[in-house]
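Values quoted throughout were computed directly from the atomic coordinates according to the rules given, and no laboratory measurement underlies them. In this text the structure is predicted, and so the values were computed from the model without any measurement. Neighbour counts run over all protein chains shown; Cβ positions are idealised from the backbone, glycine included.
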Amino acid sequence: MPRTVVFVGKDIIRENARLAEKLREKYVKAGVKVLEFLGGPGSGKTSIVERIVERLVEDYGEDKIAYIGGDVATTLDTERIAKYGVTVVQVNTGGVCHLEVPHVEEAIRALGGVEGLSKYKYLIIENVGNIICPFNFPLGADLRIMVADVAEGEDKFVKHPLSTRVSDVIVINKIDLAPYVGVRLEKLVESARNLNPRAPVFLVSAKTGEGIGELYSYLTSR
Ligand code: MG
Ligand code: ZN
């Protein structure tokens, strides 16, 4: 039997959770709905955000949407979202592999604080591409949306039970690739549901647009 050493940075996580509550109060005060997208690198978070932003702009106008993109180094994702005419703020974490509340606080200051934030109807936060620790650091969002893609394998959720359990919405992206990577979609969905019966599971392809309408309706209906 291999030995297993379990380490949890409990104090840091607890402190972040406390700060996330305070941040949440700011969102409520500003009357903005906050959607946080989390998931591994290459799972398609930015592509899905693009599809969602496209529709939000259609329904509410570009001035009503703000985006905060967390990344370890580049501004590539933020540039993609900026093309839709919405307000974007880039957070470069300087190598840190997830966003924490102070990162978002700083981004909100750049948006003009609570008053500036109140101009928007939706704030989208895209976390750093990482399927582990971002899930431990809530940012006070209304919905935490986990994005996984079929090419990551059938056991993705089983291998990341904590991330799966704390998510409010589960999105399986790149379903158009399923036949090529030998993944059974029903197995993926079943494992996500077993771990987290409370989160709806959406099968989408950001590339073809399949399933995006249903996801959009859910994200904007609550
Ligand atoms: Mg991205
Ligand atoms: Zn991290």
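Brief remarks follow.
- Per residue, the chain reaches -12000 deg cm²/dmol at 222 nm when only DSSP H runs of four or more residues are counted, each adding -39500 (n - 2.57).
- Too-long pairs where the Cα-Cα distance tops 20 Å, listed order kept, from 83/156; 29/121; 26/64; 121/207: 83/156; 121/207
- Of all DSSP beta bridges confined to the chain, the antiparallel ones make up roughly 5%.
- Under a 5 Å amide H cut-off, with hydrogens placed 1.01 Å from N, residue 87 pairs with 65, 67 among residues at least 5 apart or on other chains.
- Residues of the stretch 124-145 with amide N under 19 Å of a point placed 7 Å along Cα→Cβ from residue 12: 127-140
- For residue 115 and residue 75, the FRET efficiency from 1/(1 + (r/R0)^6), where r spans their Cβ atoms and R0 equals 25 Å, is about 0.45.
- Along each principal axis, taking the top coordinate minus the bottom one, the Cα set of the chain gives 53, 42, 32 Å in descending order.
- Of the peptides 108-115, 75-82, the ranking by mean beta-carbon count within 10 Å, highest at the top, reads 75-82, 108-115.
- Amide H contacts under 5 Å for residue 34: 123, 142, 143, restricted to partners 5 or more places along the chain or on a different chain, H placed in the peptide plane at 1.01 Å from N.
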